[in-house]
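Engineer: Quick one: the structure is below, questions incoming.
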Amino acid sequence: MPKVTVDGQELEVPAGATVLQAAELAGKEIPRFCYHERLSIAGNCRMCLVEVKPGPPKPQASCALPVAEGQEIRTDTPMVKKAREGVMEFLLINHPLDCPICDQGGECDLQDQSVAYGRGTSRTKEHRRAVTSKNMGPLISTTMTRCIHCTRCVRFSEEVAGVDEIGALYRGEDMQITTYLEKAAAHELSANVIDLCPVGALTSRPYAFEARPWELKKTLSIDVSDAVGANIRLDSRGREVMRALPRINDDVNEEWISDKARYQVDGLTKRRLDKVFMRKKGGLVEAGWDEAFKAIAAQLQDAPKSIAAVAGDLVDCETMFAAKALLKACGSELLEGRQTGMDYDVPSLAAVNFNTGFSGIETADAILIVGSHVRWEAALVNARIRKAAMAGAKVFVVGPEWETTYPATFLGNDLSVLSKLPKTLKDAFKAADRPAMILGGAALAKGALGGALAAADKLGVVTKDWNGFNVLHFSAARMGGLMLGYAQKGGMADIAKAAPKVLLSLGADEMDFEPFADSLKVYIGHHGDKGAHAADIILPAASYAEKDGTYVNTEGRVQFAEKAVFAPGDAREDWTILRALADALKVDVGFDSFAELQAAMAKDVPALGEEAVANLGKMPKVDTKAKADGVIEAYPIKDFYLTNSIARASAVMQQCSDELLNGDELKEAAE
């Protein structure tokens, strides 16, 4: 490790580090615009200039200069100060003076650094150049006159997202950042360029002119739009969530989130259930809580055990545990979370877990994806797989073809390929040190778990030091539900066969309600979606932004989300509804407060009591004779932007679906 001196402070730095990284290790702040820790080095903004000896007597860009033994780095000399002031002056020559109306105001790198490192006065007398704004779709608003050509957006699109949609045209003063052929940026991570842009050139179109950052309350939360469990921050004003932003978590989402996670939040205020409803004479009419609870109790009077609960995709673990406790007190064990009809066995929780972890899949050198459209089911995991592929990993896919962001070999739609492994696949896995398999929902729906485990055994995916067998769920509640026992042996078919007198639908909007025509269907949810349309009684509940809750992502990571705003109208937090229902049914569930509920849940499933990757036990003994068969005709997700009740209520997500997926023309403001 080379030794360097930074402003008189001697320290050792890792070999291969840059001068900028060495200065930061010494606690020195180096201004920058183009440099970003997760992107390649461009070295084109020149704001990070420092003085380095030995070397030429001129300032040098610290982001692109590797450290060397004995270097003396100075970040505070008059030469450095004058050089940074000069660079800032050049950057501001063409920058428009529209900070008061710019959405980046208050959280703008250019504002902050011009105050800290600029001259304080302007000598510019020439006309400022102007650049036409570009069409980057319904999510990204562009004011390209503000662009300082840091190229962060270009590098993100090419390197992280793997979609070459943004680039630079022309040179010098004529240079412009634009999408190719004036097409909208249409990939699932496109809006991350808004966070990356250090000025106001790329801002959020739906959030434009809505609020200033100092007006907003910031709440730490977890994204529920998929099973990745991305760490997010919800910014709210009053009772409305204004925006969702990513939080840094290197093990989960790094510092990115999908466009759906970012923009579905406008659906939190639309199509909300805020009153109790009961179906009378074929229609839903307003009712009171007591009337609804009495109707449920009357239905169960002769058969208190005849009650079932189905968990939806967005519910938290506390809600599922409260429902489980209620059913247990009634004498029922009819719990199910796989509402679309999947009935795969769960031989052990490790067999249905993403065992490598998201950061671990980056290090895999051969990957077999079975029955998963990863770009739509887990866009952030797809970005991790791309990293592995760019490092040399060979990727194979079983299932209908989809547009990958990395080189991949498709092996057809027939799951029998897991029994008759092709030579190319076997050779690639034999040569790999860290082989991995990813099993998706389309394969689980075909009962391929056993066959996949057998194939993984043949391919050497699980070894003493490496478990490369992964199941990729796409529902935020799925892994927590499996840990809490929401998995009947025969799936939803077993629940229907039991013909329960009361069916509790915990936000279950994707299930088929037809087999439960004779049951009293009680929908406990927050949006007037499919589940509410089929319900006999609607009990308005809180969304993920309106309650504290625990969520488990597909890698078994237990995470806690905080309450950002209050639920509208008469809506209540789910666990309080279930607790009140227990009183109406005259049963004891063992908790009266949220703290007691969490303590009871942690006692029942200890892993849910701590924010960490849960220990889900060992892999099951493999049945080497198990086979997978059947043809995967389609993937479960048909439309990336409309996968849950919140997204379907979101005007932004509907617009994205129309314009980016279905090819409708871009709607102008007057339309």
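The values are calculated or read from the model by the stated rules, or taken from the named source; none is laboratory data. Worth saying up front: this structure is predicted, and the values here are computed from it rather than measured. Don't worry about glycine lacking a Cβ; one is built from the backbone with ideal geometry, like all the others, and counts go over all protein chains shown. These area figures cover heavy atoms from the full protein model, side chains too; ligands, DNA and RNA do not enter into them. Shrake-Rupley method; radii C 1.70, N 1.55, O 1.52, S 1.80 Å.
Engineer: Which of the following residues is open to solvent by less than 20 Å² (accessible area, probe 1.4 Å), over 16 Å from residue 39 (Cβ atoms) and of a type in the set (Gly, Ala, Ser): 200, 167?
Structural biologist: Working: 167 fails: over 16 Å from residue 39 (Cβ atoms).
Step by step, each of 200, 167 is checked, and only 200 is open to solvent by less than 20 Å² (accessible area, probe 1.4 Å), over 16 Å from residue 39 (Cβ atoms) and of a type in the set (Gly, Ala, Ser).
Engineer: Also: Taking region 532-558 as the search range and keeping residues that are of a type outside the set (Phe, Trp, Tyr) and part of a helix (DSSP H, G or I), which one is nearest to the chain's Cα centre (by Cα)?
Structural biologist: 545
Engineer: Here's another thing I want to ask about it. If you go through region 204-240 one residue at a time, how many are under 19 Å from residue 103 (Cα atoms) and either open to solvent by 10 Å² or more (accessible area, probe 1.4 Å) or part of a loop (DSSP other than H, G, I, E, B) (or both)?
Structural biologist: So in region 204-240, the residues under 19 Å from residue 103 (Cα atoms) come out as 204-218, 233-237, 240.
Restricting the remaining residues to those that are either open to solvent by 10 Å² or more (accessible area, probe 1.4 Å) or part of a loop (DSSP other than H, G, I, E, B) (or both) gives 204-218, 233, 237, 240.
Going through region 204-240 one residue at a time, the tally reaches 18.
Engineer: If you go through region 83-100, how many residues are crowded, with 19+ Cβ neighbours inside 10 Å and more than 39 Å from the chain's Cα centre (by Cα)?
Structural biologist: 1
Engineer: Please go through (1) surrounded by fewer than 20 Cβ atoms within 10 Å (Cβ to Cβ); (2) out of contact with any strand residue (DSSP E or B) (no Cβ under 6 Å at 6 or more places or on another chain); (3) without any contact (Cβ under 8 Å) to a residue 60 or more places away in the chain for residue 195 and return the number of the only condition it doesn't satisfy.
Structural biologist: (3)
Engineer: Now for a separate question. Where in region 433-531 are there helices (runs of 4 or more DSSP H), lying fully within it, with 1 or more residues that are open to solvent by 10 Å² or more (accessible area, probe 1.4 Å), at pLDDT below 95 and farther than 30 Å from residue 642 by Cα?
Structural biologist: Qualifying helices (runs of 4 or more DSSP H): 449-459, 492-498.
Engineer: Does region 534-543 contain at least one residue that is touching an Asp or Glu at 6+ places or on another chain (Cβ under 8 Å), in contact (Cβ under 8 Å) with a residue 24 or more places away in the chain, open to solvent by 10 Å² or more (accessible area, probe 1.4 Å) and charged (D, E, K, R)?
Structural biologist: no
Engineer: Does region 548-564 hold any residues that are open to solvent by less than 10 Å² (accessible area, probe 1.4 Å) and farther than 27 Å from residue 352 by Cα, and which are they?
Structural biologist: 564 - this is the single residue of region 548-564 that is open to solvent by less than 10 Å² (accessible area, probe 1.4 Å) and farther than 27 Å from residue 352 by Cα.
Engineer: Would you confirm whether or not region 101-113 contains a residue that is without any contact (Cβ under 8 Å) to a residue 40 or more places away in the chain and either polar (S, T, N, Q) or surrounded by 13 or more Cβ atoms within 10 Å (Cβ to Cβ) (or both)?
Structural biologist: Yes, region 101-113 contains a residue that is without any contact (Cβ under 8 Å) to a residue 40 or more places away in the chain and either polar (S, T, N, Q) or surrounded by 13 or more Cβ atoms within 10 Å (Cβ to Cβ) (or both).
Engineer: Looking only at residues that are closer than 23 Å to residue 249 by Cα and of a type in the set (A, V, I, L, M) in region 1-21, which one is surrounded by the most Cβ atoms within 10 Å (Cβ to Cβ)?
Structural biologist: Among residues in region 1-21 that are closer than 23 Å to residue 249 by Cα and of a type in the set (A, V, I, L, M), the one surrounded by the most Cβ atoms within 10 Å (Cβ to Cβ) is 20.
Engineer: Another question, then. I need a count of the residues in region 122-152 that are within 18 Å of residue 47 (Cα to Cα) and either open to solvent by 30 Å² or more (accessible area, probe 1.4 Å) or without any contact (Cβ under 8 Å) to a residue 60 or more places away in the chain (or both).
Structural biologist: 4
Engineer: While we're on this one: Need the failing condition index for residue 253 against (1) open to solvent by 20 Å² or more (accessible area, probe 1.4 Å); (2) modelled with pLDDT under 95, just the number.
Structural biologist: The number of the failed condition is (1).
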